[in-house]
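Structure first, then comments.
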């Protein structure tokens, strides 16, 4: 992954396992405390 504004800059590299863990954390709500607003309730 690179900064689109600086394509010649450093590269952030994540393994497939790291991406999988990140996606699982998002789905599990691990980052919900970073939201500015409360998430909408499921109907």
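FYI, it's all coordinate maths here, none of it is from the lab. Computed from a prediction, not measured in an experiment: that's the story for all the values here. A quick note on method: Cβ atoms are made from the backbone with ideal geometry, for glycine too, and the neighbour counts reach across all protein chains shown.
Taking every residue in the range 4-23 that is on the phi < 0 side of the Ramachandran plot and pairing it with any residue that is exposed (fewer than 10 other Cβ atoms within 10 Å of the Cβ), at least 6 positions away or on another chain, the pairs with Cβ-Cβ distances below 9 Å are 11/1; 12/1; 13/1; 14/1.
Scanning the range 1-28 for residues that are exposed (fewer than 10 other Cβ atoms within 10 Å of the Cβ), assigned to a helix (DSSP H, G or I) and under 13 Å from the mean Cα position of the chain (by Cα) turns up just one, 27.
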